[in-house]
């Protein structure tokens, strides 16, 4: 068990009642938060090609999950751009972060599921975790790391707000 399992995974049952646009908004909020936490570490984590794609996705992400034709084209464009990214060595946090972002754009046009949201939340936190702690770790290690705690707290605030303080 890790800190995310203890603090966030229990929301999985509660988010079952939320509509897809709310789930998409939560996912986008978590992605945005994780990106800014990763960027704040004064280490270049994202290669410029991926960083540009992430910024465009975050800036245009408000369209995703609202319904209508624009989101399908946006998702298709994002996924095509992602597939055409150059193959370069990546820092460990990039993999889980990009998995979460891809999951959002794969699912959102047809409706993000609660399970999809929880996977995105985990991917976002895992990217933070991998940027902060290497090798084997314990909940105690995560609790001692201010950025890991901030990641968890931001996700909990997003979830509690969407659930009406639950």
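The values are calculated or read from the model by the stated rules, or taken from the named source; none is laboratory data. Source: prediction; values computed, not measured. A quick note on method: Cβ atoms are made from the backbone with ideal geometry, for glycine too, and the neighbour counts reach across all protein chains shown.
Answer yes or no: is there a residue in the stretch 104-121 that is under 21 Å from residue 39 (Cα atoms) and over 18 Å from the mean Cα position of the chain (by Cα).
Filtering the stretch 104-121 for residues under 21 Å from residue 39 (Cα atoms) gives 104, 120-121.
Filter once more, so that each one left must be over 18 Å from the mean Cα position of the chain (by Cα): none.
For the stretch 104-121, residues under 21 Å from residue 39 (Cα atoms) and over 18 Å from the mean Cα position of the chain (by Cα): absent.
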### Task
Look through 74, 129 and report the one residue that is modelled with pLDDT under 90 and in contact with a helix residue (DSSP H, G or I) (Cβ under 9 Å, 6 or more places away or on another chain).
74
### Summary
In the set 8, 22, 102, the lone residue that is out of contact with any strand residue (DSSP E or B) (no Cβ under 9 Å at 6 or more places or on another chain), closer than 18 Å to residue 161 by Cβ and modelled with pLDDT of 95 or more is 8
### Message
Among the listed residues 95, 116, 135, 164, identify the single one that is surrounded by fewer than 19 Cβ atoms within 10 Å (Cβ to Cβ), part of a helix (DSSP H, G or I) and either touching a helix residue (DSSP H, G or I) at 6+ places or on another chain (Cβ under 9 Å) or free of Cβ contacts under 8 Å to residues at least 40 places away in the same chain (or both).
### Response
95
### Task
Filter the stretch 142-152 for residues that are over 21 Å from residue 42 (Cβ atoms) and out of contact with any helix residue (DSSP H, G or I) (no Cβ under 6 Å at 6 or more places or on another chain) and give the result.
143
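Test residue 90 against the stated conditions and say whether it is at pLDDT 95 or above and surrounded by fewer than 20 Cβ atoms within 10 Å (Cβ to Cβ).
no
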